[in-house]
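As structure tokens, the structure follows; a few thoughts come after it.
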Amino acid sequence: MHADELIFKIRSRSARVAVVGLGYVGLPTAAVFADAGFRVTGADVKREVVEAVNAGRSPISEPGLEELVRRCRERGTLRAVCSAREACEDADAVIVVVQTPLDERGEPELEPLRSALRGAGESLRRGALVVVESTLPPGGMREVVVPELEACTGMRAGEDFLLAYSPERAIPTRTLEEIRTNPRLVGGVDDASSEAAAELYSCITSGGVYREHVDVVEMVKLVENTFRDVNIALANEIAVFCEALGVDVGRVIELANRHPRVNIHTPGAGVGGHCLPKDPMFLIGRARKQGLRLEVIEAARRRNESMPLHVLRKVERALEGRREPKVAVLGVAYKGNTDDTRHSPAEKVIKGLLRRGVRVCSHDPFAKQDFGGRFTNSMEEAVRGADVVVIMTDHDAYRRMSASELKRHLKRDAVIVDARRVLDRGEVERQGLRYLGLGC
Ligand code: SAJ
């Protein structure tokens, strides 16, 4: 199949783009394409998301996104609808970016992706390009995406329509910048598909576009997040060991990282979000089907999953001997400066404390999620009268917190459990508060 006409339309920006899924990656992607001069229609099943976008607002907290959405709405280059079928009706390029989480058995849950593909497929035009940005398990393009699209369209991929995989690689809190500057990977089902997809993404990224076999692209995406998960697991393991030795892990990692070939990540309360806890599982699951055990990756997953429990034990130690204690949990988002609470380590800590009958009041400057306890957006209210403050998320607001101000609201002999190492130990101790940091 030829892609010449589509490539011409992409170059002249007359190609219409549809983005199916307006989540943490989909909406920024839609807005970046709209900002680059394309007419973009985004689709999302959540009515409140569609309404927010059409009102020029961003339903998620991501630096620069609200302003970009507003600008694109004012220029008339971005609109949102509830149905994928409607969004794809007149689209020359369709980008599918919906979640591919794990189900209860730890297997890839691909129904949201299949359903998005079916929605797009209902109105897909002959000659259009479909790009999947959702993270796929190894073999996902061949085994899931191609058959699903061919079944619902009655057309053949690479013959009647173009199809490529180009995984999103932007990091939340820097999503817009990374969509525009990160290198892109593109793996088409045929040359024309790769060529068209590469042309499309070269309109929005200055980081270069790499064309590769789709099987390679699937692995690259998963290996990147697995690298990070394993690296963080190493940092966490060293932190737990340093804690037992009474050595400050922060200094250890800082100095080790001065070596030109060492780059140990930051230990913390656990690894959350929708990617790092999941993507290694795609590899582990697939390897098991081949009769292989990915022992290092499995051990790293276990280490990272154990971190909230490690923090819970520290809090329990700090609570020993206290009557009807109150714990303030600072941060329910999975990482700093985001409102995303998916797979947040705070959930396990809060639920663990509630099970033990502890009064919990959690706080977050961005997110709103109680995980079964009490939640407030007022930091003062959260920490008022607390026996223990446990810092679960490295929000900038917590880094700026002053120990003397904090002390004014706490019980006199309160303990700070700093699971993200955001406070200065010396300053906390100078206020007469006990400091229990992770890894020291
Ligand atoms: N974390 C640590 N220590 C660290 C870094 C992170 O404990 O040194 C924790 C965070 O607190 C968080 C979790 O790990 O709970 C994940 O955070 P993250 O910032 O590492 O990653 P995500 O999930 O927000 O985004 C990752 C990114 N992948 C890589 O950097 C390799 C992003 O580029 C991907 O697009 C994204 O996953 C995705 O969607 O796959």
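Data overview
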{"quantity": "Beta bridge orientation in the chain: antiparallel %, DSSP, nearest 5", "calculated": "5"}
{"quantity": "Using a Förster distance of 30 Å, the FRET efficiency for Arg374-Arg47 (Cβ separation, nearest 0.05)", "calculated": "0.55"}
{"quantity": "Mean-position separation - Cα centroids, segment 1-80 and segment 204-248, in angstrom", "calculated": "29"}
{"quantity": "Proximal lysines to Lys351, defined as alpha-carbon separation beneath 30 angstrom and excluding residues fewer than eight positions away on the same chain", "calculated": "Lys46, Lys278, Lys314, Lys326, Lys335, Lys368, Lys407, Lys411"}
{"quantity": "Value of relative contact order over segment 3-212, rounded to a whole percent, pairs C-alpha under 8 Å and six or more apart", "calculated": "20"}
{"quantity": "Residue-span extension gain [Asn54 to Glu405] - 0.36 nm each, minus C-alpha spacing", "calculated": "122.2 nm"}
{"quantity": "Efficiency of FRET from Cβ geometry, Arg384 and Glu224, R₀ 30 Å, rounded to 0.05", "calculated": "0.10"}
{"quantity": "Space enclosed by the convex hull of the alpha-carbon atoms of segment 68-183, per residue, Å³", "calculated": "136"}
{"quantity": "Solvent accessible area, Å² - Asp190, 1.4 Å probe, full protein context", "calculated": "40"}
{"quantity": "Label-to-label distance, nm, for residues given as Leu245 and Arg118 (7 Å Cα→Cβ offset)", "calculated": "5.6"}
{"quantity": "Nearest-10 value in Å² for the accessible area of Tyr210, using the 1.4 Å probe", "calculated": "130"}
{"quantity": "GNM top mover of His395, His259, His213 - the chain, alpha-carbon springs below 10 Å", "calculated": "His259"}
{"quantity": "Convex hull volume per residue for the chain, taking Cα atoms only, in Å³", "calculated": "147"}
{"quantity": "Calculated diffusion of segment 3-212, Stokes-Einstein form, Kirkwood radius summed over Cα pairs, 10 °C and 1.306 mPa s, µm²/s", "calculated": "95"}
{"quantity": "Point-to-point label distance, Val216-Glu107, nm (Cα→Cβ direction, 7 Å offset)", "calculated": "3.1"}
{"quantity": "Solvent-accessible heavy-atom area per residue, rounded to whole Å², over segment 3-212 at 1.4 Å", "calculated": "40"}
{"quantity": "Top of Ile297, Ile171, Ile179 by mean-square fluctuation, Gaussian network on the chain, Cα under 10 Å", "calculated": "Ile171"}
{"quantity": "Debye intensity ratio I(q)/I(0), log10, segment 233-440, q values 0.13, 0.19 Å⁻¹ (C-alpha model)", "calculated": "-0.72, -1.40"}
{"quantity": "Between segment 95-140 and segment 311-340, the Cα center-to-center distance that results, in Å", "calculated": "37"}
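The values are calculated or read from the model by the stated rules, or taken from the named source; none is laboratory data. Model, not experiment: these values are computed from the prediction. Note: ideal-geometry Cβ built from the backbone for every residue, glycine included; neighbour counts use all protein chains shown. Ligands, DNA and RNA are excluded from the accessible area calculation, which covers all protein heavy atoms including side chains. Shrake-Rupley method; radii C 1.70, N 1.55, O 1.52, S 1.80 Å.
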